[in-house]
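Data first, discussion second: the structure below is written as structure tokens.
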């Protein structure tokens with residue numbers, strides 16, 4: 001569904017092509033009834049949610065059935081890098097569907113091959129091969145499978161503050177509370193470690209450099225105690241996403257690379273959230289001058305218009321499987337409709353200078369704006385980020401760093417963050433909140449005026465958080 005500017009003001013077009021004016025109460029009721037009667041939602045207690053019915057979207061904005069517009073400051077789930085209903089992506093899917101809607105992955109296909117080549121061309125080092133999946137979780141799942149087969153080892157190390165997906169291996173590797181209810185039976189195949197987090201240092205560090213060094217020393221201790229000969233891979237998000245937009249200190253990722261080389265461990269960079277332009281680079285590792293052995297991706301590769309993910313593979317690992325069968329596959333691996341949208345994504349990035357505009361908007365608009373709030377909002381403990389990916393850490397006390405709401409808060413304990421989010425929505429901005437943090441992650445195609453309007457709404461919402469500050 002593509003809507004014009006005029007339609008955005010007056011109505012929307014449904015899946016049958018029929019036009020409706022906003023305010024169609026009967027249509028909204030039907031959507032709500034179908035959802036509440038039959039849709040089982042993820043990560044939710046079903047009776048305690050009330051999903052917002054969405055009628056239309058375009059660019060950086062989506063509309064409910066009443067015609068209320070929301071500036072999408074979360075890019076949905078930080079996947080809608082090119083925004084809602086981008087005409088180039090929609091057209092690519094339509095044209096591919098008219099030519100060849102699907103073909104099994106064991107056959108060669110023009111769009112699948114072209115997208116793999118384009119990804120390899122922008123990947124660092126000798127990562128020249130791509131295994132396609134349907135999303136980020138199965139990308140991580142298959143990357144781990146490759147590492148285990150390649151090394152002949154079974155154990156994988158990952159950070160506590162992390163999210164890697166909801167399939168069996170991926171959720172075991174996840175460090176945040178979503179793991180707790182889903183963790184498979186313990187078999188010793190996963191061990192977690194503390195990554196660098198200078199604002200809440202687990203190492204009592206007094207500087208960013210010290211934090212990075214102590215985090216590396218800790219990681220090497222974990223490797224030693226787990227048994228280097230048992231460790232197949234270290235899997236980490238290049239920049240921690242949902243769990244705080246945690247930026248690796250200078251030298252940290254190079255240190256991880258060195259540890260992996262020293263102990264024969266595969267370095268897997270999870271770029272599901274930060275790849276494809278989110279921080280102004282094709283892959284976030286480019287900003288840190290490090291080359292992993294495997295990179296996992298999804299989300300921004302085609303903005304989720306059709307599910308797509310994958311693993312970018314180094315020559316050494318790819319060639320290991322020249323005469324050794326890789327035991328993994330998916331019916332929809334490299335789906336032509338998804339790959340066509342991926343190729344269109346590359347074309348839009350190149351034509352419209354998306355990487356450059358992300359760097360510009362991040363450094364010229366977002367960074368000075370939100371760092372300025374440190375002077376005006378006492379509840380703002382720290383800001384961090386890059387490009388169009390930032391976190392605002394909200395606290396009740398700057399000296400103790402006490403968070404605005406407790407870790408993994410729910411119910412009444414989460415009320416302050418709920419009020420902050422509600423203030424944003426009232427101003428027509430759909431926010432991304434997690435625990436005690438507000439994230440800034442709008443579509444990469446957002447206009448400067450829209451970006452400033454969204455930041456203004458967050459500025460106003462922070463006054464709500466300030467009321468909880470203990471002066």
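All of the numbers you see were taken from the coordinates with simple rules; none came from a lab. The model shown is predicted, which means the values in this text are computed figures rather than measured ones. Positions of Cβ are generated from backbone atoms using ideal geometry, with glycine treated the same way; all protein chains shown enter the neighbour counts.
So what is the relative contact order for the range 353-471, in percent, with contacts set as C-alpha pairs under 8 Å and at least six apart?
Result for the range 353-471 is 28 percent.
Roughly what would the spin-label model give for residue 50 and residue 128, points 7 Å off Cα along C-beta, in nm?
5.8
May I ask you to order 258-269, 288-299 by the average number of other C-beta atoms within 10 Å around their residues, highest value first?
Top to bottom by mean Cβ count within 10 Å: 288-299, 258-269.
For the chain, what is the mean residue ellipticity at 222 nm derived from helices alone (per DSSP H run of n ≥ 4: -39500 (n - 2.57); sum divided by total residues; nearest 500 deg cm²/dmol)?
-11000 deg cm²/dmol
Along its principal axes, what span do the Cα atoms of the range 89-352 show, with the longest given first and each in whole Å?
Over the range 89-352, Cα extents along the principal axes are 59, 41, 37 Å.
Report the gain in length on full extension from residue 258 to residue 323: 0.36 nm times residue separation, minus Cα-Cα distance, nm rounded to one decimal.
20.5 nm
Using alpha carbons only, how many angstrom separate the centre of the range 281-296 from the centre of the range 7-36?
43
So if we plug the beta-carbon distance of residue 204 and residue 224 into 1/(1 + (r/R0)^6) with R0 = 22 Å, what FRET efficiency do we get, rounded to 0.05?
For residue 204 and residue 224, the calculated efficiency is 0.55.
Measure out, as a whole number of angstrom, how far apart the alpha-carbon centroids of the range 336-400 and the range 93-143 sit.
27
Measuring from a point 7 Å past the Cα of residue 36 along Cα-to-C-beta, which residues in the range 43-84 have an amide N at less than 15 Å?
Residues 46-54 fall inside that zone.
Cα gyration tensor of the range 181-287, axes a ≥ b ≥ c as square roots of the eigenvalues: rounded (a/c below 1.5), prolate (a/b > b/c) or oblate?
rounded
When the convex hull of the Cα atoms of the chain is projected onto a plane and the area is averaged over all directions, what value comes out in nm²?
If you wrap the Cα atoms of the chain in a convex hull and average its projections, you get 22.5 nm².
Arrange the peptides 378-388, 220-230, 345-355, 204-214 so that the one whose residues have, on average, the most other Cβ atoms within 10 Å appears first.
The peptides rank, most packed first, as 378-388, 345-355, 204-214, 220-230.
What is the Cα coordinate range of the range 353-471 on the first, second and third principal axes, sorted by size from largest, in whole angstrom?
On the principal axes, the range 353-471 reaches 44, 28, 23 Å in Cα extent.
Which order, highest average first, do 70-80, 234-244 follow once you tally other Cβ atoms within 10 Å for each residue and take the mean per peptide?
Packing proxy ranking, top to bottom: 234-244, 70-80.
Would you kindly give the portion of the calculated P(r) for the range 124-263 that falls above 28 Å, as a percent of all Cα pairs?
I get 15 percent for the Cα pairs in the range 124-263 exceeding 28 Å.
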